[in-house]
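> Below is a structure I'd like to ask you about.
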Amino acid sequence: MRYIITIDQRTSSSKALLFDESLNLLDRKSADIEIIRPRPDWVEADAEAIFTSTMDAISRLELPEFEGNEFSVSICNQRESVVLWDRNTGKPVYHAILWRCRRGTEICNELADQGQEPRIREITGLVADPYFSASKVKWVLDNIPSVRERAERGDVLMGTIDTWLIWKLTGGKVHATDYTNASRTMLFNLQSLEWDQDMMRLFNIPAVMLPEPRPSDSSFGCTDLSGLLPEPVTIAGVIGNSHGALVGQMCFDKGMGKTTYGTGSSVMFNVGDEPVKAPNGMVCSVGYSMFDNTCYVLEGHSHSSGAVLDWLRDNLQIIGNADETQLMANSVPDNGGVYFVPAFSGLGSPWWIPQAKAMITGLTLESTRAHVVRAALESIAYQVSDVVELTSRELAAPPRELCVDGQWASNSFLMQFQADILGIPVCRMDLPEASGLGSAILNCCNAGIFTSIDQIRQKHEPTQSCEPQMKPEERIRLKQGWLQSVHTVMLSTPKQSQ
């Protein structure tokens, strides 16, 4: 029997999943990671702790006997977060700077003021925003003593989290990434599928720092998982977590889309085998690459989905845990006119206003904590709806359904409200680990278990469907209230930051 140990490295935890060659999920374990916030809008993590938590999760999997069985490793990971480390010692030169960190705002604003935004969009498919990796790398090079000098000598390497894990797992033998992660750095050319010289010059990042980009179904070296396995096995199937969910949800046809609900929410639509010009408020990235073919996607991202529920629990302490939110939301007949715009890390798609701040509107003396909790859950759905509607206009055809996955897809109130506010069915996989499943599928492609997309489709998991029940006039009224609240946030944001 063949088994796949899948690493699913996320913002606040590392998961380890065990699949067999039939893609049955046999076991899963997770380990938490401490998030570091040294200043407002700065978000970091100890890169060594990310690796340690990954190994901790793997070590607790109940693995079959190695004798007579074949093993391999696949990786899906949080995107845009970046690590810089010393090539010779393997030690990070600074904490991992996570995707939610806004310290690169000034760098991106300067580029926009210089008129560089159209060129960035043309080459990379992205917008000049600190969400992506390049400004984070430039900040470290510019602000941490001696790092730029060492980087220009070739002594400092950089990579997104997949690259860091591959380097550690292979004992420093492989410095590589996959096309999907590379396409989220603002340094990658979508047409050539190579690092772009113009972008490296624009951000003043030495080429010698960058990992080798490879297709998602490639091999990425060998590992014995720091001695957990008696002999080295292949690492194959590496992909950004949102992209892994696209594969896991079997969104292989142009126009198919999915949403992954995590700390933030990624809304992604397959646009075929050629990159497209993204409309304002969205970006174009590599969706996946397998069987010598590259698929592209339009994507919108809301920065605060599960993060808003964490804030209610940890900061306001009006809920004990996120599981309570469904019961509380259903305890009131509606939101009571309360809207929550969770711009804790700025407004993402389709607005892209990095310095916007979160706001709750419509509070009255009759408002209760249940109304606030309900408004928080509804805000997740509204943000997704904004992106889906923009994509529908770009594709000139509304989607027939939306596939969903991720931690908060299990919240039935949220899923029903999502279907209601979109006016289309929302289809939820029985298996919650869509990102890990996508990574395991790519691993199987590398091993020759799958030789075509049609073979993969036969493994499609059954789904649960939430059908829209809301009347159109109610949907319009609620959406108008949401958009008015978003505009209130925009009006309160200084014009130079928009």
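> I'm trying to understand the selection: among the residues of the range 8-28, which are within 13 Å of Leu63 (Cβ to Cβ), buried (at least 16 other Cβ atoms within 10 Å of the Cβ) and of a type outside the set (Lys, Arg)?
If we filter the range 8-28 for residues that are within 13 Å of Leu63 (Cβ to Cβ), which is where we start, we get 16-20, 26-28.
So of that shortlist, the ones also buried (at least 16 other Cβ atoms within 10 Å of the Cβ) come out as 16-19, 28.
Of everything in the range 8-28, those that are within 13 Å of Leu63 (Cβ to Cβ), buried (at least 16 other Cβ atoms within 10 Å of the Cβ) and of a type outside the set (Lys, Arg) turn out to be Ala16, Leu17, Leu18, Phe19.
> Considering each residue of the range 364-377, count those that are part of a loop (DSSP other than H, G, I, E, B) and within 23 Å of Asn321 (Cα to Cα), and give that number.
Residues in the range 364-377 being part of a loop (DSSP other than H, G, I, E, B) and within 23 Å of Asn321 (Cα to Cα): 2 in total.
> Given the condition open to solvent by 20 Å² or more (accessible area, probe 1.4 Å) and hydrophobic (A, V, I, L, M, F, W, C), answer yes or no: does some residue in the range 234-250 qualify?
For the range 234-250, residues open to solvent by 20 Å² or more (accessible area, probe 1.4 Å) and hydrophobic (A, V, I, L, M, F, W, C): absent.
> If you don't mind, another one. Does Glu461 satisfy the condition of being over 28 Å from Met250 (Cβ atoms), among the acidic types (Asp, Glu) and either open to solvent by 40 Å² or more (accessible area, probe 1.4 Å) or at pLDDT below 85 (or both)?
Answer is no for this residue.
> Still on this structure, please answer the following. Pull up the range 153-168, narrow it to residues that are charged (D, E, K, R) and touching a helix residue (DSSP H, G or I) at 6+ places or on another chain (Cβ under 8 Å), then point me to the one that is most open to solvent (accessible area, probe 1.4 Å).
Lys168
> Quickly run through the range 440-458 and pick out the residues that are of a type outside the set (S, T, N, Q), crowded, with 16+ Cβ neighbours inside 10 Å and in contact (Cβ under 8 Å) with a residue 60 or more places away in the chain.
Ala440, Ile441, Leu442, Cys444, Cys445, Ala447, Ile449, Ile453, Ile456 - these are the residues of the range 440-458 that are of a type outside the set (S, T, N, Q), crowded, with 16+ Cβ neighbours inside 10 Å and in contact (Cβ under 8 Å) with a residue 60 or more places away in the chain.
> Does Arg393 meet the test of being closer than 30 Å to Thr105 by Cα and surrounded by fewer than 17 Cβ atoms within 10 Å (Cβ to Cβ)? Outline the logic, then answer.
Values: closer than 30 Å to Thr105 by Cα: yes; surrounded by fewer than 17 Cβ atoms within 10 Å (Cβ to Cβ): yes.
So Arg393 passes the test.
> Shifting gears a bit: Just checking, does the range 283-290 include any residue being in contact (Cβ under 8 Å) with a residue 12 or more places away in the chain and open to solvent by 10 Å² or more (accessible area, probe 1.4 Å)? Show your work before the answer.
So the first thing to find is which residues in the range 283-290 are in contact (Cβ under 8 Å) with a residue 12 or more places away in the chain, and the list is 283-290.
When the remaining residues are screened for being open to solvent by 10 Å² or more (accessible area, probe 1.4 Å), the result is none.
No, there is no match, as no residue in the range 283-290 is in contact (Cβ under 8 Å) with a residue 12 or more places away in the chain and open to solvent by 10 Å² or more (accessible area, probe 1.4 Å).
Yes/no matrix, rows are residues, columns are (1) within 15 Å of Val286 (Cα to Cα); (2) in contact with a Lys or Arg (Cβ under 8 Å, 6 or more places away or on another chain); (3) of a type outside the set (Ser, Thr, Tyr); (4) open to solvent by 10 Å² or more (accessible area, probe 1.4 Å):
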residue	(1), (2), (3), (4)
Ala134	no, no, yes, no
Ala151	no, no, yes, no
Val174	no, no, yes, yes
Thr177	yes, yes, no, no
Thr180	yes, yes, no, no
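> Working carefully through the options Gly423, Gly337, Gly362, Gly348, find the one that is within 16 Å of Trp482 (Cβ to Cβ) and either touching a Pro at 6+ places or on another chain (Cβ under 7 Å) or among the acidic types (Asp, Glu) (or both).
Every option except Gly423 fails the conditions.
> Related question: Specify the residue that is modelled with the lowest pLDDT; the eligible residues are those in the range 323-359 that are open to solvent by 10 Å² or more (accessible area, probe 1.4 Å), more than 30 Å from Gly104 (Cα to Cα) and in a loop (DSSP other than H, G, I, E, B).
Restricting to residues being open to solvent by 10 Å² or more (accessible area, probe 1.4 Å), more than 30 Å from Gly104 (Cα to Cα) and in a loop (DSSP other than H, G, I, E, B), the top hit is Asp323.
> Okay, next question. When the residues of the range 182-191 are narrowed to those that are of a type in the set (S, T, N, Q) and farther than 17 Å from Cys108 by Cβ, which ends up surrounded by the fewest Cβ atoms within 10 Å (Cβ to Cβ)?
Gln191
> Going by what's in this entry, would Asn293 be described as closer than 30 Å to Asp217 by Cα, under 27 Å from the mean Cα position of the chain (by Cα) and open to solvent by 20 Å² or more (accessible area, probe 1.4 Å)?
Yes: the conditions hold for Asn293.
> Could you say which residue among Ile36, Ile75 is out of contact with any helix residue (DSSP H, G or I) (no Cβ under 7 Å at 6 or more places or on another chain) and closer than 24 Å to Ser265 by Cα?
Ile36
> In addition: Which of the following residues is at pLDDT 85 or above, in contact with a strand residue (DSSP E or B) (Cβ under 9 Å, 6 or more places away or on another chain) and under 28 Å from Lys459 (Cβ atoms): Gly272, Gly306?
Gly272
> Looking only at the range 39-83, how many residues end up being free of Cβ contacts under 8 Å to residues at least 24 places away in the same chain and open to solvent by less than 10 Å² (accessible area, probe 1.4 Å)?
Residues that pass the stated criteria total 0.
> Could you list, in sequence order, the residues of the range 465-490 that are over 21 Å from Ala376 (Cα atoms) and either open to solvent by 90 Å² or more (accessible area, probe 1.4 Å) or assigned to a loop (DSSP other than H, G, I, E, B) (or both)?
Across the range 465-490, the qualifying residues are Glu467, Lys471, Glu473.
The values are calculated or read from the model by the stated rules, or taken from the named source; none is laboratory data. These numbers come from a predicted model, not from an experiment. Cβ: placed from backbone, ideal geometry, glycine included. Neighbour counts: every protein chain shown. Keep in mind that these areas ignore ligands, DNA and RNA; they rest on the heavy atoms of the full protein, side chains included. Shrake-Rupley method; radii C 1.70, N 1.55, O 1.52, S 1.80 Å.
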